[in-house]
């Protein structure tokens, strides 16, 4: 019973803390924030890199149809699926990675 109360208290403190963080950030909501969408990754030797030319194909370690990672400063914040918006690319968000840690 004591453990349950302690967990409830910790959860309440975490929610209050997160709400306070959001409140503290309100003055900055119009501040520009850079996001990167990562298509995939691969590793190659310098020799392989030097052999690349126009038309070369590079295999990425990501399956076709797998959601793309959305990062800020190297940290994954969310994942999304590539979509077309009129004549530009867009991203439909399908997952928020640990919403309590995205700030």
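The values are calculated or read from the model by the stated rules, or taken from the named source; none is laboratory data. Values in this document were obtained by computation on a predicted structure and should not be read as measured data. Here the Cβ is made from the backbone with ideal geometry for all residues, glycine too, and neighbour counts use every protein chain on show.
Of note:
- Neighbours by Cβ (under 7 Å, 6+ apart or cross-chain): first from segment 74-92, closer than 21 Å to residue 64 by Cβ and not assigned by TED's automatic domain parsing to the domain that holds residue 39; second exposed (fewer than 14 other Cβ atoms within 10 Å of the Cβ) and at pLDDT 95 or above: none
- Filter result for residue 102 (within 28 Å of residue 24 (Cβ to Cβ) and either more than 15 Å from the chain's Cα centre (by Cα) or modelled with pLDDT under 90 (or both)): yes
- Enumeration of residues in segment 41-71 that are modelled with pLDDT of 90 or more, within 26 Å of residue 97 (Cα to Cα) and surrounded by 10 or more Cβ atoms within 10 Å (Cβ to Cβ): 42, 60, 66, 67, 68, 69, 70, 71
- Count of segment 41-73 residues which are free of Cβ contacts under 8 Å to residues at least 24 places away in the same chain and not in a loop (DSSP other than H, G, I, E, B): 6
- If the condition is being part of a helix (DSSP H, G or I) and either more than 21 Å from residue 98 (Cα to Cα) or at pLDDT 80 or above (or both), then segment 25-40 contributes 26, 27, 28.
- Members of segment 76-88 that are under 17 Å from the mean Cα position of the chain (by Cα) and surrounded by fewer than 11 Cβ atoms within 10 Å (Cβ to Cβ): 83
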